[in-house]
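The structure under discussion appears below in the form of structure tokens.
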Amino acid sequence: MIIHVLRGPRGARSRAAVVLAVAGATLSGGCATPNSLTAMQGQLLEAADAVNDIRVNMGAMQEKLDSLTIVVAKQDSTIERLANATGVQVMK
């Protein structure tokens, strides 16, 4: 559910809302010390950065996959033209 909230054009705003909700839930406990709150805030920011890095990496992988798909399509059509020119039947 949280992953779905972090996607899309409102990702930064949604991520901030999730961080604030978690921080609010922690503060409402009343037993946290300022040091533990600071540590938790740092961990939440690190988690948000890690999620963002994953999204960036997934975008880069998708671009590579799209590029490879184009290369394979070009090779497929080249093989098909060569097969037609030489009269060889190619099984698909």
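Scanning the range 24-37 for residues that are at pLDDT 75 or above and surrounded by 10 or more Cβ atoms within 10 Å (Cβ to Cβ) returns SER36, LEU37.
So that you can scan it fast, the table gives a plain yes or no per residue for (1) surrounded by 12 or more Cβ atoms within 10 Å (Cβ to Cβ); (2) modelled with pLDDT of 90 or more; (3) part of a loop (DSSP other than H, G, I, E, B):
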residue: ALA12; (1), (2), (3): no, no, no
residue: ARG15; (1), (2), (3): yes, no, no
residue: VAL22; (1), (2), (3): yes, no, no
residue: GLY42; (1), (2), (3): no, yes, no
residue: MET61; (1), (2), (3): no, yes, no
residue: ASP66; (1), (2), (3): no, yes, no
residue: ALA73; (1), (2), (3): no, yes, no
residue: ALA85; (1), (2), (3): no, yes, no
residue: MET91; (1), (2), (3): no, no, yes
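Which pairs have Cβ atoms under 6 Å, sit 6 or more apart or on different chains, and link a residue in the range 22-51 that is of a type in the set (A, V, I, L, M, F, W, C) to one that is at pLDDT 70 or above? Qualifying pairs under 6 Å: LEU44/VAL19; ALA48/ARG15.
The values are calculated or read from the model by the stated rules, or taken from the named source; none is laboratory data. Here the structure is a predicted model, which means the values were calculated and not measured. Positions of Cβ are generated from backbone atoms using ideal geometry, with glycine treated the same way; all protein chains shown enter the neighbour counts.
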